[in-house]
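Please treat every number below as a calculation from the coordinates, not as lab data. Predicted model, so just to flag it, every value in this text is computed and none were measured. Neighbour counts run over all protein chains shown; Cβ positions are idealised from the backbone, glycine included.
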Amino acid sequence: MIDGISQRLLDQTHPLRIHLLGVAGSGMSGIAALLLEMGHDVSGSDRVTSGEIERLQGLGLKFSSPHSAAAVSGVDAVVYSSAIKPDNVALVEARRIEVPCLRRAECLSAILHTRKGVLVAGTHGKTTTSAMCAHVLNNAGAAVSHYVGAEIPVLGANAHWDEGSEYLVAEGDESDGTLDLYRPAYAVVLNIEEEHLDYYKGLQQIVGVFRTLLEQTSGKAIYCREDSTAYELCSQYEGGLSYGWSDADYTAVDVAEGRGVIAFTVLRRGEEMGRVELGIPGRHNVLNALAAIALADDLQLDFSCVTRALSSFAGAKRRFESVYLSPRFHVIDDYGHHPTEITATLQTARSLEPNRIVALFQPHRYSRTELLAAEFGKALQGADLVFVTGIYAASENPIDGVSGMTILEAVEQHGSTKCVYHEDLSTVHHIVGNALKAGDLLLTLGAGNIHEAGKRISADLQLVDLLKGEFAESDIEIKLYESMRRHTTMLVGGPAQFWIEPRTFSAFAGAVNFFKERGVPVRVVGRGSNLLVRDGGIRGAVIHPSKGEFGELGVRGNLLTAGAGVRFKKVASFAEDAGLGDFAWMEGIPGNVGGGLRMNAGAMGWETFDQVVSVTFLDQDGEIRTRTREEIEAQYRSVPELHQSYALSAVFRGEPSSGDEIREKMVESKSHRRQSQPLAASAGCIFKNPDGIGAGKLIDEMGLKGRSVGMAEVSHEHGNFIVNRGKADAEDVLQLIEEIRLEAKDQRGINLETEIQIVGEDRAVF
């Protein structure tokens, strides 16, 4: 059947109508590109689209989504990927109307047989090696078409058909036993390991498929001497060409690794051919290059052309791909999802000499995770810190007891590398990005969509590096995705996209202006005592002025100067030591000066602006200004001018007082706070007092003390406080707030307004 299809594919006078199911996948999109460039009428369907689909549409692809029975009407053949289920509506219809249906490998083999095929096979390393072979042949004078399992920048696309080509270099997939379909001129065997055990019963069955491939190879087998199984099998065949570190036809000696490059000398049966410098790092890529060199040499291509091609080879997408690089961070993405691949990738990463390697690994398939858990645990010891997500299932059903935790347990069992498990791929970048330190190399690993997390982190790291570059190291601290649980008194809330801690007024102003110029929202947070952050966190920059100039305190006469980051409690204590009265009430205020100024915080009959002499602030135009109390409008729990401006420091007035008098008032303030406020984590008063009754008294009268949602509970001590009894979520608190508001409306006809600030996103959007 395949030979007949090959002949029909070459008949350009009668182009075929072919429909591809799962056309957006990397393997199927390559098939589409080849068929389109061969001159056939190609359509395709998938449940999703992609950038590659847009490129193919430019070549003539007719794309539809989702799959439909109508899409296969009138076609000459249907090609489907391994991801397509037997009950797919289009596949069912094609078989009903007796349209020939081919697996992807069957179609590829038919295309391969129209040329002298070079099939690159192995359980890992196929994409890089096949791309390298195609690039070398192209640049050394051999007319070649190619089919590779990823986007290859130096080749222009993952697949290309050259009508005048003599050779077709293709990546052969062994995962479903279809290697036995191919009859190439050259078979390049990289390795043979226990893999895809959801399909195979064991290593011997895998070896059997490779044996059939070799038996059907008309020319030579090129194989890696360093893989024991490949050597044992391939060395049985006459005319084989081996490559490796020693005792092989082609060997590499005098290997020199640098930062991002690697050089070596090639020996052919002990005689020097010349020096090669690879454009990609890693000793495993030296072996891949030797395979390409052996192929090119057997085709009698000029070695100097081969070396030039190898020096310009930049690798494949998702094969040790540098996603972001700066003096402070390096983010690399790699498709590696097998222990051997991961070991090699981590070794290559180590050769770049980072301070730490932080690995983010998405396991691929439940069966692989279960069967190779121990090997994964050993391989990941090559990292300094490992994060593991939930399993990318592909087409598999879950296996009881198998999850990302399986990998974590294996890592902990086989070494001392710290490992963290986070199931949710949509938020894992938050905990990874927050853990990064200057000098780290972040490596995303896996065959699924883990690269998306690396790209998100990289985009935000770019802004971090740009901002950091504008200040001295000591002037500002910047972190990604800092948990707001650590910075609110309620101890709830998602992360801040950018967490900024300036230590000088000028750094504060610079950070605010930096983000505003780029359209990034800015919020200033103090101790977080009157703040409820939603679980999705705060998009944009959260600036926390607490150290350096913001933490300064000083007294001159009866005037006390305090930075915006100073806690009210500390102001009260400092004033006591200086013999200044009128500050004792501040002892009972949980927040910082900056937040207190913004909302005109108060207690025990006092308000912040009762004592303010002047405020220094950053205005809306990015200018630092100082205004006197008379120039500032202060309202009950609100200072409108400071809603758009940012307080930096303030001068307060006190009256000299005796130590005994001050201590007496301090004791009174502490006692009042302890008697009236709960000790458990809270955000302070939740609601403003309505007319005629305190909010706490109202809630008490309605019998709502002790009501709870999850771990959020109305305080037994004070009805206007909601406390966190454990690991409450913001969603719990918000639901409880809404229940209280509904009860007040239903029972008393009162509309309760919240006093706390509620900010952030309900779900992760960054």
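Provide, in order from the shortest bin, the percent of all Cα-Cα pairs of the range 2-104 in each 10 Å bin, continuing until the bin that contains the maximum pair distance.
16, 53, 29, 2
Cα atoms only: what Rg and Dmax, in Å, come out for the range 321-450?
Both quantities, over Cα of the range 321-450: 13.6, 44 Å.
State, in angstrom, two size descriptors of the range 606-752 derived from its alpha carbons: Rg to one decimal place and Dmax to the nearest whole number.
Considering the range 606-752 through its Cα atoms, Rg and Dmax are 19.3, 52 Å.
Please list, in order along the range 360-373, the HN-Hα scalar couplings obtained from phi with the Karplus expression 6.51 cos²θ - 1.76 cosθ + 1.60 (θ = phi - 60°), rounded to whole Hz, x for Gly and Pro.
Whole-Hz 3J(HN,Hα) from phi for the range 360-373: 10, 10, 10, x, 10, 6, 5, 5, 5, 4, 5, 7, 10, 4.
Could you check the simple spin-label distance between D700 and Q7, using points 7 Å along Cα→Cβ, in nm with one decimal?
Label-label distance for D700 and Q7, simple model: 9.6 nm.
Long-range amide H contacts for F361: which residues qualify at under 5 Å (H placed 1.01 Å from N, peptide plane, sequence gap of 5 or more or a different chain)?
Here F387, V388, T389, L445 satisfy the definition.
Kirkwood-based Rg over Rh for the range 203-360 (C-alpha set), two decimals?
With Rg and the Kirkwood Rh in hand, the quotient comes to 1.00.
Give me the percent relative contact order of the chain, please, defined on Cα pairs under 8 angstrom at least 6 residues apart.
Computed value for the chain: 7 percent relative contact order.
Taking the convex hull of the alpha carbon atoms in the range 461-543, what volume per residue do you get, in Å³?
It comes to 85 Å³ per residue, whole-number rounded.
Could you tell me which GluC sites (Glu not before Pro) in the range 345-400 are loop residues by DSSP with no more than 16 other beta carbons within 10 angstrom of their beta carbon?
Those that pass, being in a loop and sparsely packed, are E396.
Of all GluC sites (Glu not before Pro) in the range 437-541, which ones are in loop regions per DSSP and have a Cβ with at most 16 other Cβ atoms within 10 Å?
Sites meeting the loop and neighbour criteria: E470.
Could you calculate the contour length gain from K670 to E194, that is, 0.36 nm times the residue separation minus the distance between their Cα atoms, to one decimal place in nm?
Length gained between K670 and E194: 164.5 nm.
Give me Rg/Rg_expected for the range 30-183, where Rg uses Cα atoms only and Rg_expected = 2.2 N^0.38 Å with N residues.
1.05
Is the C-alpha gyration tensor of the range 542-608 telling us rounded, prolate or oblate? Criteria: a/c under 1.5 is rounded; beyond that, a/b larger than b/c is prolate, otherwise oblate.
oblate
Taking Rh as the Kirkwood radius computed over C-alpha pairs, what is the Stokes-Einstein D of the range 442-509 at 10 °C in a medium of viscosity 1.306 mPa s, expressed in µm² per second?
The diffusion coefficient I find is 115 µm²/s.
Calculate the all-directions average of the projected area of the chain's alpha-carbon convex hull, and give it in nm².
40.1 nm²
Which whole-Hz ³J(HN,Hα) couplings does the range 184-190 yield from phi under the Karplus relation 6.51 cos²θ - 1.76 cosθ + 1.60, θ = phi - 60°, glycine and proline marked x?
For the range 184-190, the Karplus curve yields x, 7, 10, 10, 9, 9, 8 Hz.
Given R₀ = 56 Å, FRET efficiency for R763-Q236 by Cβ-Cβ distance, to 0.05?
Once rounded, the FRET efficiency stands at 0.45.
So if I take the centroid of the Cα atoms in the range 599-657 and the same for the range 317-387, what is the distance between those two points in Å?
Centre-to-centre distance over Cα atoms comes out at 52 Å.
Along each of the three principal axes of the Cα atoms of the range 115-312, give the extent in whole Å, ordering the values from largest to smallest.
Computed over the Cα atoms, the extents are 42, 40, 32 Å.
Restricting to the range 461-543, what percent of DSSP beta bridges are antiparallel, rounded to 5?
Among the beta bridges of the range 461-543, antiparallel pairing accounts for roughly 50 percent.
Restricting attention to the range 636-734, which chymotrypsin sites (Phe, Trp or Tyr not before Pro) occupy a DSSP loop and are surrounded by at most 15 other Cβ atoms within 10 Å?
Y636
Kindly provide the pair-distance distribution of the range 681-759 built from C-alpha pairs, with 5 Å bins from 0 and whole-percent values in order of increasing distance.
Calculated P(r), rounded to whole percents: 3, 17, 31, 28, 15, 5, 1, 0.
Once the Cα gyration tensor of the range 557-652 is found, what semi-axes does its equivalent ellipsoid get, as square roots of 5 times the eigenvalues, in whole Å, sorted largest first?
21, 14, 12
Dividing the convex hull volume of the Cα atoms of the range 344-400 by its residue count, what figure in Å³ per residue is obtained?
Taking the convex hull of the Cα positions in the range 344-400, it is 83 Å³ per residue.
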